[in-house]
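First the structure, in the form of structure tokens, and then the observations on it.
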Amino acid sequence: MAETLLRVENVCKHFGGIYAVDGVNMNIREGGIWGLVGPNGSGKSTLFNTILGLQHPNSGGIYFKGQRTNNMAPHQIYDLGVVNGFQIPRLFPSLTVLDNMLVAARGQQGDGFFNSLFLREKWQKQEELLTDEALDILELIELRKHIFSTAGELSGGQRKLLEIARALMAHPTLLLLDEPAAGINPVLGKKVFQKLQDLSCSGMTFFIVEHRLEILFEFASWIYVMDKGKTVAEGNPEDIVKEAAFYQAYLGKE
Amino acid sequence: MDPSMYLLDLVVFIGIFGIMSLSLNLEFGFTGLANFGKVVFFLIGAYSYALLSQAGFPFYLCLIIGALIAAVFGFLISLPALRLRTDYLAIVILTSGEIIRLIVKTEDWIAGGDWGTSVAPAIALPGASAHAGILVNIGLVYVCLFICFTISRLLTNSPYGRVMRAIREDEVAAEALGKDRAKYKAQILMLGSAMAGLAGGLYVQYLHYVLPGMFLPIVTFTVWIMVLLGGPANCWGALLGAALVEVFDRGANLAKDLLTLPTDASNLQYILFGVLILLVLLYRPQGLLKESAVKTRATERVRSLGGAVRNKED
């Protein structure tokens with residue numbers, strides 16, 4: 001069995017008296033696509049934020065490769081290899097599409113103060129390679145011809161795609177995506193998932209919140225169901241559709 | 001006064017405030033740090049220069065140490081910058097600037113208090129004409145300006161410059177992409193403050209005196225007008241803005257002599273500055289020169305190929 005990558009242990013996050021995340025346990029192993037579903041307001045995005053360090057849990061523990069990340073800053077969690085794509089894209093609107101991609105690239109030699117001034121030859125070489133990588137990813141999501149448009153000029157669906165593409169530039173070990181297929185046409189949405197699956201075969205792990213269940217269930221290997229801040233069911237997609245708790249969470253049926 | 005001296009004096013001022021404008025451009029234009037206390041670092045550089053030169057240090061050490069002390073203050077200012085949003089940070093810096101000015105004003109022992117103190121010129125030429133003196137100053141100021149301009153250009157056209165802009169656009173997203181925003185903000189405030197400190201040193205050695213009245217908050221706002229007018233996030237824009245504002249400033253003073261107005265024309269310039277800034281923000285919010293994209297060898301290569309690739313596809 002593959003090694004545990006992310007362990008969420010009894011995590012609680014409350015805002016005032018409202019428990020957005022209420023004692024969640026998860027165990028995400030290396031490789032594959034892991035799904036997280038649940039009705040709106042069930043705590044999925046809050047859980048993601050605590051994993052990313054954007055919010056700190058009130059109690060419980062989050063461990064990435066055995067290292068406790070509860071109180072780490074987002075950039076430190078990025079350094080460990082956890083990257084995300086925001087649900088509502090948070091691009092850099094007046095930067096070009098290409099610059100949005102390049103800013104995310106991991107391990108850049110030229111993003112330090114002195115290096116940028118004095119090691120120009122070194123980072124320029126590295127950037128040539130990163131640019132080629134960025135162009136390949138942009139080709140796949142059909143944004144290749146928009147590289148010099150600013151991100152603010154893109155349509156909603158294109159922004160969503162760029163958000164995912166940008167996260168891929170960061171070579172994540174674990175990539176968290178919040179509704180990647182929302183707002184993207186079905187054919188392209190499926191293509192994106194196909195690409196994610198290819199990447200997961202090469203060792204990348206994905207943890208994805210998605211309401212488009214038909215796509216998610218086709219590609220995911222394990223599904224967690226959340227409702228009212230708790231995990232109410234988990235299993236592989238074939239089994240989870242038979243779970244009563246899944247139906248109750250989504251449709252409110254007994 | 002000899003009109004050519006007036007012109008040369010203008011050139012010196014454009015150089016000194018060009019450095020100020022470049023430094024605010026790095027902070028605000030590129031990184032989005034609303035530094036409403038530019039004058040503090042100008043003051044610190046100026047007083048450091050004055051005190052060090054009185055203590056007998058050579059002028060270049062006075063300039064360098066002044067810039068370093070200003071950088072230390074820049075670092076201190078960056079500490080609240082980690083916790084505060086842009087608008088609150090602006091208030092903190094603005095008020096701390098006034099506090100420091102009031103300290104040097106009331107503490108006579110520092111540098112003569114309200115009366116100020118005299119400062120020796122950086123490069124004294126005994127027996128030389130006033131012309132020669134001012135030309136030496138132009139040389140000194142523009143060497144410094146060139147260094148600051150080159151640093152600005154290299155820094156902003158690099159992956160580092162990309163991160164600066166990313167922090168300006170969405171600092172949470174930048175942080176989630178692994179950029180330690182605290183570190184970047186501190187570095188930029190230190191660099192910007194060092195440049196402002198350098199400008200302060202150049203300023204007082206040129207004027208031969210330093211007093212608290214030279215460092216009113218209006219200096220900060222003048223530099224802001226330069227950046228907003230010239231074009232934030234464009235290094236040439238910062239210089240253009242500095243030149244225009246200085247020329248405008250001189251023009252208002254000349255107008256005083258040429259026109260008979262019911263009021264003092266040099267006070268009118270503040271009203272005119274206000275109108276100018278409104279017009280710029282309403283009709284040309286990006287400034288006279290647009291933000292320039294990050295230009296690196298790799299992106300320029302793609303840009304040069306861009307046309308061909310597009311033709312093939314279309």
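The values are calculated or read from the model by the stated rules, or taken from the named source; none is laboratory data. Everything quoted here is computed from the prediction, not taken from an experiment. When we count neighbours, we look across all protein chains shown, and the Cβ atoms used for this are built from the backbone with ideal geometry, even at glycine.
Points to keep in mind about this one:
- Exactly one residue out of B:L63, B:L7 is among the aliphatic types (A, V, I, L, M), part of a helix (DSSP H, G or I) and surrounded by fewer than 24 Cβ atoms within 10 Å (Cβ to Cβ), and it is B:L7.
- Conditions (1) under 13 Å from B:V294 (Cβ atoms); (2) more than 8 Å from every other protein chain (Cβ to nearest Cβ); (3) free of Cβ contacts under 8 Å to residues at least 40 places away in the same chain: number failed by A:D136: (1)
- For the residues A:E121, A:E127, A:E133, the requirement of being of a type in the set (D, E) and farther than 24 Å from B:I151 by Cα singles out A:E133.
- Residues within segment B:80-101 that are over 30 Å from B:V172 (Cβ atoms) and without any contact (Cβ under 8 Å) to a residue 24 or more places away in the chain, tallied: 1
- Reported count of residues in segment B:118-150, each being assigned to a helix (DSSP H, G or I) and of a type in the set (S, T, N, Q), is 2.
- Hey, B:F215 more than 14 Å from chain A (Cβ to nearest Cβ) and free of Cβ contacts under 8 Å to residues at least 24 places away in the same chain or not: no
- Residue list for segment B:265-284, filter: exposed (fewer than 10 other Cβ atoms within 10 Å of the Cβ) and not in a helix (DSSP H, G or I): none
- Residues in segment A:81-110 that are in contact with a Phe, Trp or Tyr (Cβ under 8 Å, 6 or more places away or on another chain), more than 7 Å from every other protein chain (Cβ to nearest Cβ) and crowded, with 18+ Cβ neighbours inside 10 Å: A:G81, A:V82, A:V97, A:N100.
- Members of segment A:6-20 that are within 19 Å of the chain's Cα centre (by Cα) and modelled with pLDDT under 90: none
- Residue identified as over 24 Å from A:N49 (Cα atoms) and either modelled with pLDDT of 90 or more or under 14 Å from the mean Cα position of the chain (by Cα) (or both) among A:L177, A:L135, A:L154: A:L135
- Residue check for A:A170: among the small types (G, A, S), within 18 Å of the chain's Cα centre (by Cα) and at the interface with chain B (Cβ under 9 Å from one of its Cβ atoms): yes
- Taking each residue of segment A:222-233 that is at positive phi and looking for partners that are of a type outside the set (V, I, T) and in a strand (DSSP E or B) with beta-carbon atoms closer than 8 Å, six or more apart or interchain, yields A:K228/A:D22; A:G229/A:Y19; A:G229/A:A20; A:G229/A:D22; A:G229/A:G23.
- Helices (runs of 4 or more DSSP H) wholly inside segment A:91-164 that include at least 3 residues being more than 20 Å from B:Q187 (Cβ to Cβ) and in contact with a helix residue (DSSP H, G or I) (Cβ under 7 Å, 6 or more places away or on another chain): A:97-104, A:120-140
- Among the candidates A:G152, A:G183, the residue that is surrounded by fewer than 20 Cβ atoms within 10 Å (Cβ to Cβ), closer than 14 Å to A:Q87 by Cβ and touching a residue at least 12 places away in the same chain (Cβ under 8 Å) is uniquely A:G183.
- Where A:H56 falls short, out of the listed (1) under 16 Å from the mean Cα position of the chain (by Cα); (2) at pLDDT 90 or above: (1)
- Against the test of being modelled with pLDDT of 80 or more and more than 27 Å from B:V294 (Cα to Cα), the options B:I99, B:I110, B:I147, B:I123 yield a single qualifying residue, B:I99.
- Checking B:L51 against (1) at pLDDT 90 or above; (2) buried (at least 24 other Cβ atoms within 10 Å of the Cβ), the condition it does not meet: (2)
- Checking each residue in segment A:97-142 for being acidic (D, E) and within 17 Å of A:L154 (Cα to Cα) picks out A:D99, A:E139, A:E142.
- Annotation note: of B:M190, B:M164, B:M195, the sole residue that is buried (at least 24 other Cβ atoms within 10 Å of the Cβ), out of contact with any Asp or Glu (no Cβ under 7 Å at 6 or more places or on another chain), within 11 Å of chain A (Cβ to nearest Cβ) and in a helix (DSSP H, G or I) is B:M164.
- Selection status of B:L244, in a helix (DSSP H, G or I), surrounded by fewer than 19 Cβ atoms within 10 Å (Cβ to Cβ) and either at pLDDT 85 or above or away from chain A (no Cβ under 13 Å) (or both): yes
- The set of residues in segment B:167-187 being under 29 Å from A:E128 (Cβ atoms), part of a helix (DSSP H, G or I) and of a type in the set (A, V, I, L, M) consists of B:I167, B:A173, B:A174, B:A176.
- Residue check for B:G74: of a type in the set (G, A, S), more than 17 Å from B:A186 (Cβ to Cβ), surrounded by 23 or more Cβ atoms within 10 Å (Cβ to Cβ) and under 16 Å from the mean Cα position of the chain (by Cα): no
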